[in-house]
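This report refers to the structure that appears directly beneath it.
No lab work stands behind these numbers, since they all come straight from the coordinates. Every value quoted in this text rests on a predicted model; they were computed, and no experiment measured them. Glycine also receives a Cβ, built like all others from the backbone with ideal geometry; neighbour counts cover every protein chain displayed.
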Amino acid sequence: MTALKNDRFLRALLKQPVDVTPVWMMRQAGRYLPEYRASRAKAGDFMSLCMNPAFACEVTMQPLDRYPQLDAAILFSDILTIPDAMGQGLYFETGEGPRFKKVISTLADIEALPIPDPHKDLGYVMDAVSTIRRELNGRVPLIGFAGSPWTLATYMVEGGSSKDYRKTKTMLYDNPQALHLLLDKLAQTVTSYLNGQIMAGAQAVQIFDSWGGSLSAAAYQEFSLAYMRKIVSGLIREHEGRKVPVILFTKNGGLWLESIADAGADALGLDWTCDIGEARQRVGSKVALQGNMDPTVLYAKPEAIRTEVGRILASYGKGSGHVFNLGHGITPEVDPEHAGAFLRAVHELSAQYHE
Ligand code: CP3
């Protein structure tokens, strides 16, 4: 394997010294880029991009080619490949988001769910990872990812996106054993899926707990964090002679940072509702932090973006352990020039915080 030319992302996740604060953007390959929209049109639809390793590689590389400041690549795929591999039949209705042909509602449905084999049933993702690693040729590290069991369960039980997670939360309170069985099957699947990605070449992994913050404090511990802890304890943590850092991102998890920091991961993803300096004090030296600019700042003028980047860097303060990112995914309406101004500002303004 080629040596990494830029490893500041991996170093910051392990709190090792860096020259400038590394940066990447959640959803960095996506609809705000005209070159992404052209590839999607060529492939036909979103899932065809994900299922064809050459296309997945092409769109993964697009933001890196446009923005030389990016310090990491993220596998182009989706968290919903897992429910699809469990037989739910994922499809995307234009403008409507994800949908499933089969929805899960009873204990019998959950008992009947198979545990997918990452190499047989999700082989296209493993192939995408190895194709992207080859194409990167050591330029920057590659991030693999999966959804958290709770976040995946909301899509599987609701049948798509949801505002209030009504069916999933009804199951949580009426039939907790059924939900626990589903979460347990998902935790097993996510563990082997992420380990498959690591063996195929992912150099760090992130677990997206996008909807963990919708739970009560007690339910979060029992139905989301417990399963992420289980996954983290089953992950391969060293490969090709290097640590493979794990990032946990619970959107709206700011109230629970101390317990998330105890789950065994190397870093926590933060949304923009918490102050990153306060978060740093709360988690101490246990974990690194990733985040946390409000993605809507990117609608504002480049000078305003630069001011906000400066404010977040100052709040984190001196030293390593910070990976700059948005607090959630970049949105399709963002001007690509503004994303560029954001990335440049992170490197330009952060040198003063490192020795
Ligand atoms: O970050 C990256 O660039 C890697 C690619 C990536 C996608 N989805 C591509 C995608 C990643 C990491 C995801 C994760 C994902 N998918 C999450 C967790 C992250 C988060 O945002 O909280 C969730 C909840 C999903 C489920 C999902 N996929 C939804 C709700 C939608 C529809 C909403 C939307 O943004 O269109 C998707 C589709 C999707 N996944 C797109 C992309 C680029 C847009 C599809 C298109 O091209 O129309």
Problem set entry | FRET efficiency for Glu93 and Glu278, using Cβ-Cβ distance with R0 set to 25 Å, rounded to 0.05 | 0.05
For this session: Can you spot the lysines whose alpha carbon is less than 30 Å from Lys169's alpha carbon? Ignore those fewer than 8 places along the same chain.
Result: Lys101, Lys102, Lys185, Lys230, Lys251
Exercise. What's the Kirkwood radius of region 131-244 in Å, using all Cα pairs?
Worked result: 15.1
Exercise. Once fully extended, how much extra length lies between Glu258 and Thr296, figured as 0.36 nm per residue of separation less the alpha-carbon to alpha-carbon distance?
Worked result: 11.0 nm
Exercise. PRE reach from Ser285 (point 7 Å along Cα→Cβ): which of region 1-41 fall under 17 Å by backbone N?
Worked result: 12-18
Exercise. What length, rounded to one decimal in nm, is gained on full extension from Val103 through to Leu181, with 0.36 nm per residue of separation minus their alpha-carbon distance?
Worked result: 26.5 nm
Exercise. Which semi-axes, in whole Å and largest first, does the equivalent ellipsoid of region 235-307 have when worked out from the alpha carbon gyration tensor as the square roots of 5 times its eigenvalues?
Worked result: 26, 16, 10
For this session: Can you pull the one-decimal nm distance between simple spin-label points at Phe46 and Arg242, each 7 Å off the Cα toward Cβ?
Result: 3.0
For this session: Could I have the simple spin-label model distance between Thr307 and Ile115, label points 7 Å from Cα toward Cβ, reported in nm to one decimal?
Result: 5.4
Problem set entry | Total formal charge among the other residues, if their Cβ is under 12 angstrom from that of Lys301, Lys/Arg +1 and Asp/Glu -1 | -3
Exercise. Between Glu337 and Ala3, what is the FRET efficiency for a Förster distance of 45 Å, r being their Cβ-Cβ separation, to the nearest 0.05?
Worked result: 0.85
Seminar exercise, completed: The residues Cys274, Cys57, sorted from fewest to most surrounding Cβ atoms within 10 Å, come out as Cys274, Cys57
Exercise. For region 8-354, what Kirkwood radius comes out of the mean inverse Cα-Cα distance, in Å?
Worked result: 20.3
For this session: Kindly give Rg over Rh for region 1-137, based on alpha-carbon atoms, with the Kirkwood expression for the hydrodynamic radius.
Result: 1.03
Problem set entry | Neighbour-count order for Lys185, Lys15, fewest beta carbons within 10 angstrom listed first | Lys15, Lys185
Problem set entry | Calculated diffusion of region 79-166, Stokes-Einstein form, Kirkwood radius summed over Cα pairs, 25 °C and 0.890 mPa s, µm²/s | 168
Exercise. Most exposed first by the Cβ proxy, i.e. fewest other Cβ within 10 Å, how do Lys286, Lys169 rank?
Worked result: Lys286, Lys169
